[in-house]
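These notes are about the structure you will find just below.
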Amino acid sequence: MRRTLIVGGGAAGMTAAIAAAREGDAVTLLEHTDTLGKKILSTGNGRCNLTNRRQGEEFYHSENPGFPFPALDRFGFEETLRFFGELGLFFRERDGYVYPRSLQAKAVRESLISELSRKTVEIRTGCRIHKAEKMAGGTFLIETEETSFEADALILACGGMAAPHTGSDGSGYRLAESLGHRLIPPVPALTGLFAASNPIKKAAGVRTEGTISLYVEENGKRRLLGSDTGEFQITDYGISGIPAFQVSRHGARALSEGKTVSASLNFLPEYRKEEAEELLLHLLSGEGDALRILCGLFPEKLAAVFLKKAGIPLRVPAGLLGEKRAKTLSGLVCRFPLEIRAVNDFSKAQVTAGGVDTRDVRAETMESELVSGLYFAGEILDVDASCGGYNLQWAWASGFLAGKQGRP
């Protein structure tokens with residue numbers, strides 16, 4: 001009987017263990033925290049957005065861009081629903097976002113743990129790995145603080161570095177490097193953006209619809225890194241919320257390379273920029289003071305920020321603005337500039353961008369190109385994805401393939 005050992009008891013590790021056990025392997029699952037699936041409990045604000053009907057290349061990111069898709073083609077949206085349906089879950093879908101019908105992340109975790117028990121997977125929690133090596137006979141030796149294990153196949157599903165309170169401490173990277181694998185330097189992703197001097201700090205707490213476009217300066221030119229539209233929140237440090245999260249990976253990578261990153265905020269995304277500027281110029285040619293007029297479109301704190309940035313007194317009559325100042329104000333509403341000095345650190349990030357270089361991993365099986373019998377799954381790999389169930393979809397898909405170990 002093939003002995004498979006899995007390091008990491010999160011979403012990917014549990015899926016890998018179930019897939020391997022269904023193939024008849026003797027499976028041991030090691031987790032260094034005191035329980036399995038801690039990170040699952042915090043996904044989707046505790047509701048666990050476990051996948052998304054809308055799938056596409058734009059939702060998945062890697063330095064090796066095509067890598068995720070053979071796995072997602074084999075274990076995608078429909079396969080995920082079938083897999084969890086067989087575990088007893090029912091679903092609730094909202095605009096393509098899929099949750100357990102109970103809207104409780106605990107239901108997803110418990111369905112996986114129940115299947116591990118049914119398949120008699122040996123589970124060791126509180127078990128930290130010190131060393132993993134490939135022996136001359138072809139097996140793996142895995143040493144912990146208290147004991148050692150031998151295995152025919154080793155699956156590293158240790159996670160990344162985001163949300164370390166759930167157990168993601170980057171320890172899997174050390175194991176991967178000890179077995180000869182290279183890393184794409186890990187950076188935080190799906191996290192907030194810090195603005196230098198934060199000119200919108202006075203509007204902290206405001207939630208508003210808008211578009212965030214992130215740019216990098218390279219060779220004297222400004223290049224778009226990413227853009228996203230939705231509700232974001234202005235904070236005392238900068239910008240938070242889904243649109244900021246979606247572009248943060250790009251900013252984190254550029255900043256880690258010493259590049260200059262900036263953002264442009266459009267607070268009227270429902271209009272084309274020419275239409276938005278025409279609307280504002282029309283409004284600002286009317287009666288009343290500038291602040292009152294802007295408060296017809298924006299929260300007062302945000303309107304006051306626009307006026308201060310434009311150097312306009314709050315209560316100046318709109319008719320006294322003049323065309324130049326009115327155009328400056330309308331330009332700020334549609335293209336408010338921010339210099340981005342940092343992103344929130346791993347303690348606030350939802351996922352890690354970077355990890356084990358996927359150029360050394362077979363996309364069809366998750367097996368190492370360097371060490372036969374060694375597999376990877378989940379966030380330890382250099383694959384991260386957008387908000388909306390995509391990171392969990394990657395965990396299920398890569399975990400399933402790693403557990404199958406190339407078997408039909």
> For the subset of segment 186-197 comprising residues that are in contact with a helix residue (DSSP H, G or I) (Cβ under 9 Å, 6 or more places away or on another chain) and not in a strand (DSSP E or B), which member is surrounded by the fewest Cβ atoms within 10 Å (Cβ to Cβ)?
Replying inline: Gly192
> Which condition number does Ala71 fail, the rest of (1) touching a residue at least 12 places away in the same chain (Cβ under 8 Å); (2) assigned to a helix (DSSP H, G or I); (3) surrounded by fewer than 18 Cβ atoms within 10 Å (Cβ to Cβ) being met?
Replying inline: (3)
>> Within segment 352-365, take every residue that is closer than 22 Å to Val187 by Cα and hydrophobic (A, V, I, L, M, F, W, C) and give me the one that is surrounded by the fewest Cβ atoms within 10 Å (Cβ to Cβ).
In response: Val361
> Taking Leu30, is it in the same structural domain as Trp396 (by TED's automatic domain parsing) and either within 16 Å of the chain's Cα centre (by Cα) or at pLDDT below 95 (or both)?
Replying inline: no
> For segment 227-323, list the helices (runs of 4 or more DSSP H) that sit wholly inside it and hold at least 1 residues that are in contact (Cβ under 8 Å) with a residue 12 or more places away in the chain and of a type in the set (Lys, Arg); which are they?
Replying inline: 242-256, 273-283, 300-309
> Which residues, taken from segment 90-113, are assigned to a strand (DSSP E or B) and either modelled with pLDDT under 95 or under 12 Å from Leu392 (Cβ atoms) (or both)?
Replying inline: Tyr97, Val98, Tyr99, Pro100
>> on the phi > 0 side of the Ramachandran plot, at pLDDT below 95 and loosely packed, with under 14 Cβ neighbours inside 10 Å: which single residue out of Gly311, Gly319 fits that description?
In response: Gly311
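Residues are listed down the side, and each one gets a yes or a no for (1) farther than 19 Å from Glu63 by Cβ; (2) surrounded by 22 or more Cβ atoms within 10 Å (Cβ to Cβ); (3) modelled with pLDDT of 95 or more; (4) of a type in the set (Ser, Thr, Tyr):
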| position | (1), (2), (3), (4) |
| --- | --- |
| Ala176 | no, yes, yes, no |
| Leu179 | yes, no, yes, no |
| Val216 | no, no, yes, no |
| Gly220 | yes, no, no, no |
| Asp236 | yes, no, yes, no |
> If a residue has to be more than 19 Å from Glu23 (Cα to Cα), without any contact (Cβ under 8 Å) to a residue 60 or more places away in the chain and not charged (D, E, K, R) to count, how many in segment 112-136 make the cut?
Replying inline: 3
> What number of residues within segment 149-185 satisfy the criterion of being in a strand (DSSP E or B), of a type outside the set (A, V, I, L, M, F, W, C) and more than 25 Å from Ser347 (Cα to Cα)?
Replying inline: 1
> Any idea which of (1) of a type outside the set (Lys, Arg); (2) farther than 30 Å from His165 by Cβ; (3) surrounded by fewer than 21 Cβ atoms within 10 Å (Cβ to Cβ) is the one Ala290 doesn't satisfy?
Replying inline: (3)
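The values are calculated or read from the model by the stated rules, or taken from the named source; none is laboratory data. Just so it is clear, the structure is predicted and the values come from calculations on it, not from any experiment. Glycine gets a Cβ as well: all are built from the backbone with ideal geometry, and neighbour counts include every protein chain shown.
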